[in-house]
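Chemist: Below: one structure in structure tokens.
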Amino acid sequence: MFSAVRKWVIAVVLLATAVALQAAELQHEIRVSYSPDARQEIRFPDLPGYRTLVCDLHTHTAFSDGSVWPPVRIKEAWRQGLHVLAISDHIEYRPHKEDLPRGYDRAVALAAGEAATRDILLVRGAEITRDTPPGHFNAVFVKDLPALEHDDLLEVFRRANDQDAFVFWNHPGWQGAERGKWQDFHATVYQNKWLHGIEICNNECYYQQAHQWALEKNLTLIGTSDIHEPDLRRKNTAADHRTVTLVLAKEKTEDALKEALRAGRTIVWWRGRLIGREEWLRPFFDACVEVHPPHHRIKNAVFLHIRNRCEADIRLERVGTVGPKEIILPAATVTLLRIAAADPKKPIKLQYAATNFLVAPEKPLMVDIEIPGAEQ
Ligand SMILES: [Zn+2]
Ligand SMILES: [Zn+2]
């Protein structure tokens, strides 16, 4: 009887040990995939002559009304695959001032070491914060932040521009009865060439009117997170990602970034959409979509692969007469396509609307996909 119990005890102990070992292995596996020093790259292709920089030009830290210590913003951005981060704390609104009495430069100074370590291009910015109208504006590449503290807002714009800053209008649809209106003040700073861009997307919001203004007035299209809290994402995916601006810059330097922003070479990635001027969105689409020649032809159809080289799903809706009604190319995958064709040896032209590539409000990019014929 005793020995039977002992056998049971030994069996249970062995089983428990095996389970514990397995759990430890699993834990190790989980720990490795969660490493704080693993960077989850965001896959967007470069264009010839340009590097696609993933940029967030509007973020906050504890030095204004954010709840994050500045170097943490850098670690977070690096882990999530960003290349460029601006810290742009409010000039006029610093609720933690008594706890953090040091000046406007302190947040960037604290983040600089971490940015250098992780090769994040850190941009010194500020949010100029006035009631609407006229609202909030970001100045980035500011050399002298304390100079932006002044009662006269026009004077603040003059001073930012004297420092060769790039200035954009933040969240133009926010807040109060006068929100989302182009007022005299905006006209003045625009005419003086003191306003260079506009947020068409801020975090979860899209401002259609601002998008229209940007196209009409040749303002650079900007999308930002305006993040205050820690970003809980480990990874940016097609379904859940930070709102960012893809800047097509000649290289990853502050000068090249500024040149690209001034030239308007930007695409906003917002809630699975890519929003840009057609001039840049079209070559970008072409770089994202790699159409392979058919690998198989049967009597009435051809089969081919299309690679989506970007981090966004690509949604195509047929506008021509050939091809499936809808094609979805999931992010960073290869999709098999079967195209019905009366003569499968002939070249085929597919005409589609890329419904999540927007060249203007509610206006998708129209694309042709050419499929070569079989060699005779
Ligand atoms: Zn704001
Ligand atoms: Zn803000």
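Chemist: Using a 10 Å cut-off around each Cβ, can you sort H296, H196 from fewest to most neighbouring Cβ atoms?
Modeler: Least to most surrounded, the residues fall as H296, H196.
Chemist: What percent antiparallel are the DSSP beta bridges of the stretch 51-276, to the nearest 5?
Modeler: Looking only at bridges with both residues in the stretch 51-276, the antiparallel portion is about 60 percent.
Chemist: Could you name the lysines whose alpha carbon sits less than 19 Å from that of K299, not counting residues in the same chain fewer than 8 places away?
Modeler: The reachable lysines, counting only those whose Cα sits under 19 Å from K299, are K345, K346, K349.
Chemist: Which Rg and Dmax, in Å, describe the Cα atoms of the stretch 217-346?
Modeler: Considering the stretch 217-346 through its Cα atoms, Rg and Dmax are 18.4, 59 Å.
Chemist: Filter the chymotrypsin sites (Phe, Trp or Tyr not before Pro) in the stretch 34-87 to those in DSSP coil with at most 10 other Cβ atoms within 10 Å of their Cβ, and list the result.
Modeler: Taking the stretch 34-87 and a limit of 10 other Cβ atoms within 10 Å, the loop chymotrypsin sites (Phe, Trp or Tyr not before Pro) found are Y34.
Chemist: Hey, what's the per residue convex hull volume over the C-alpha atoms of the chain, in cubic angstrom?
Modeler: In the chain, the Cα convex hull volume per residue is 225 Å³.
Chemist: Where q = 0.17 Å⁻¹, what log10 of I(q)/I(0) comes from the Debye formula for the stretch 287-371, counting one point per Cα?
Modeler: -0.67
Chemist: List the trypsin sites (Lys or Arg not before Pro) within the stretch 172-205 that fall in a DSSP loop (any state other than H, G, I, E or B) and whose Cβ has at most 10 other Cβ atoms within 10 Å.
Modeler: Filter output for the stretch 172-205: K193.
Chemist: While we're here: Tell me, which cysteines of the chain are without a disulfide-compatible partner by the Cβ under 4.7 Å rule?
Modeler: Among the cysteines of the chain, those whose Cβ sits 4.7 Å or more from every other are C55, C201, C205.
Chemist: Ok, one more. Go through K217/K258; K250/K363; K97/K193; K235/K258 and tell me which ones have a Cα-Cα distance over 23 Å in this structure.
Modeler: Going by Cα-Cα distance, K250/K363; K97/K193; K235/K258 fall outside the 23 Å limit.
We did not get these values from a lab; they are worked out from the coordinates using the rules stated. Here the structure is a predicted model, which means the values were calculated and not measured. Heads up, the Cβs are rebuilt from the backbone with ideal geometry, glycines too, and the neighbour counts pull from every protein chain shown.
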